[in-house]
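The values are calculated or read from the model by the stated rules, or taken from the named source; none is laboratory data. No experiment lies behind these values; they were computed from the predicted model shown. Cβ placement follows ideal geometry from the backbone for every residue including glycine, while neighbour counts extend to all protein chains displayed.
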Amino acid sequence: MAHPYSARSRAIEPFHVMALLARANELQAAGHDVIHLEIGEPDFTTAAPIVAAGQAALAAGHTRYTAARGLPALREAIAGFYGQRYGLHIDPERILVTPGGSGALLLASSLLVDPGKHWLLADPGYPCNRHFLRLVEGGAQLVPVGPEVNYQLTADLVERYWDKDSVGALVASPANPTGTVLGRDELASLSKATHERHGHLVVDEIYHGLTYGMDAPSVLEVDDSAFVLNSFSKYFGMTGWRLGWLVAPPNAVADLEKLAQNLYISAPSMAQHAALACFEPETLAIFEARRAEFARRRDYLLPALRELGFRIAVEPQGAFYLYADISPFGGDAFAFCQHFLETEHLAFTPGLDFGRHLAGHHVRFAYTQSLPRLEQAVERIARGLKSWQG
Ligand SMILES: Cc1ncc(COP(=O)(O)O)c(C=O)c1O
């Protein structure tokens, strides 16, 4: 018999929502009108100027590898964006263009984590983080967080959970699945708490730009030594192009470049050329219009769900998710999701996909559907609650 597949691959959990998605697709294939509120990507297709730039790049033959750190022009454009949005001067030499934010996460975890070491992560949180850590033979120290701390790590929690094997903390602002944002002071105190312990602070800013009624501060405003993950997927609407970036302290860049060369050689070339169009005023205007649309959706769905009895203790300020407590209805979140899929053809994600802490009685709704579609979804939820026997 052949050797078993690696322990690390066996330790990685699939997305539980995939089982629901497979069933949703079956229902759809059988002719049912399924509303998808489980999907973590914008429903808008990539903005036209980016598509045109991508087509022009292909026509011009930009089909080969780029430098491992990415196209210099794109790294400069990203640096310019930090100037424009945050008033920060970031040296383009500190920026690595990666295959999605996921590529940035792969680089950061490969650089910063030795076997047996771990990062503190908020639970609930984005599940892939702990899987990336497992892949480099490290781990995640999951810190249970609830509404009392805005579902985010705090300096106190870092102090409480840090142990001899901790080497860093990763936070996301805005966060998935809760949409909560860290303020400048909170970022500064997290930075202080981490650095006092000689650890690294990694901040996932992938949902920056998708905040409503406010702008999220970048950790780079208060801590120049933090590692920042970002992406063209969400605000820039380019999920399928697989493009993101990492901002690193200057002394980490050479090691990261070496890792990038070995792990994936370069981010997709045509996507990098296309992304240059993101920073043009006409394209930024499209992103801002989409952001306003997401704000309208949140402002509709949040009170509508609360009205129906879902508990959403803190108002999410960003991303496109609502993380809702279903305890008033009783029962298990996975069964709750199955019930709505089977009876109402409405898909959303069980808490299990985001950790353990609140998992059994939470679900995540993604408002990545139009307002009329969300209105239909709310009607279906109201009806489905009547037949739910938790
Ligand atoms: C919090 C968070 N980080 C990272 C990612 C990775 O996204 P991508 O690789 O498309 O940039 C996601 C995707 O949903 C996410 O929600």
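Can residue 88 be described as in contact with an Asp or Glu (Cβ under 9 Å, 6 or more places away or on another chain), closer than 30 Å to residue 272 by Cβ and not basic (Lys, Arg)? When the stated conditions are applied, residue 88 passes them.
Checked against (1) away from the ligand (no atom under 11 Å from the Cβ); (2) more than 30 Å from residue 270 (Cα to Cα); (3) not hydroxyl-bearing (Ser, Thr, Tyr), residue 171 passes all but condition (1). Restricting the first residue to segment 232-258 and requiring it to be assigned to a helix (DSSP H, G or I), which pairs with a second residue that is modelled with pLDDT of 95 or more and among the hydroxyl-bearing types (Ser, Thr, Tyr) meet a Cβ separation below 6 Å and a spacing of at least six or different chains? Matching pairs, first to second residue: 239/233.
Residue count for segment 44-65 under the criterion of being aromatic (Phe, Trp, Tyr) and either more than 27 Å from the chain's Cα centre (by Cα) or surrounded by 14 or more Cβ atoms within 10 Å (Cβ to Cβ) (or both): the result is 1. Would you point out the residue of segment 174-188, among those that are away from the ligand (no atom under 16 Å from the Cβ) and small (Gly, Ala, Ser), that is farthest from the chain's Cα centre (by Cα)? The qualifying residue farthest from the chain's Cα centre (by Cα) is 188.
Residue 353 meets each of the listed conditions (1) in a helix (DSSP H, G or I); (2) at pLDDT below 95; (3) over 22 Å from residue 302 (Cβ atoms) apart from (3).
Within the option set 316, 372, being under 19 Å from residue 298 (Cβ atoms) and without any contact (Cβ under 8 Å) to a residue 24 or more places away in the chain holds for one residue only, 372. Among the residues here, residue 173 does not qualify as under 30 Å from residue 68 (Cα atoms) and surrounded by fewer than 23 Cβ atoms within 10 Å (Cβ to Cβ). Just one of the listed residues (116, 101, 125) is part of a loop (DSSP other than H, G, I, E, B), near the ligand (Cβ under 10 Å from one of its atoms) and not β-branched (Val, Ile, Thr), and it is 125.
In segment 189-222, of all residues being within 16 Å of the ligand (Cβ to nearest atom) and of a type in the set (Gly, Ala, Ser), the one that is surrounded by the most Cβ atoms within 10 Å (Cβ to Cβ) corresponds to 218.
Residue-wise test of (1) hydroxyl-bearing (Ser, Thr, Tyr); (2) crowded, with 24+ Cβ neighbours inside 10 Å; (3) not in a helix (DSSP H, G or I).
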{"residue": "314", "(1), (2), (3)": "no, no, yes"}
{"residue": "331", "(1), (2), (3)": "no, no, yes"}
{"residue": "365", "(1), (2), (3)": "no, yes, yes"}
{"residue": "369", "(1), (2), (3)": "no, no, yes"}
{"residue": "378", "(1), (2), (3)": "no, no, no"}
{"residue": "384", "(1), (2), (3)": "no, no, no"}
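For residue 74, state whether it is within 16 Å of the ligand (Cβ to nearest atom) and either in contact (Cβ under 8 Å) with a residue 60 or more places away in the chain or outside any helix (DSSP H, G or I) (or both). Taking the combined requirement at face value, the residue satisfies it.
Does residue 93 qualify as being out of contact with any strand residue (DSSP E or B) (no Cβ under 9 Å at 6 or more places or on another chain), within 30 Å of residue 281 (Cβ to Cβ) and acidic (Asp, Glu)? Yes; evaluated as a whole, the condition is true for this residue.
In the set 309, 244, 240, only one residue is within 16 Å of the ligand (Cβ to nearest atom) and more than 25 Å from residue 171 (Cβ to Cβ); that residue is 240. Residue check: is residue 225 more than 9 Å from the ligand (Cβ to nearest atom), assigned to a loop (DSSP other than H, G, I, E, B) and under 25 Å from residue 257 (Cα atoms)? Yes: the conditions hold for residue 225.
Would you confirm whether or not segment 78-90 contains a residue that is among the aliphatic types (A, V, I, L, M), assigned to a helix (DSSP H, G or I), surrounded by 16 or more Cβ atoms within 10 Å (Cβ to Cβ) and free of Cβ contacts under 8 Å to residues at least 40 places away in the same chain? Within segment 78-90, one or more residues are among the aliphatic types (A, V, I, L, M), assigned to a helix (DSSP H, G or I), surrounded by 16 or more Cβ atoms within 10 Å (Cβ to Cβ) and free of Cβ contacts under 8 Å to residues at least 40 places away in the same chain.
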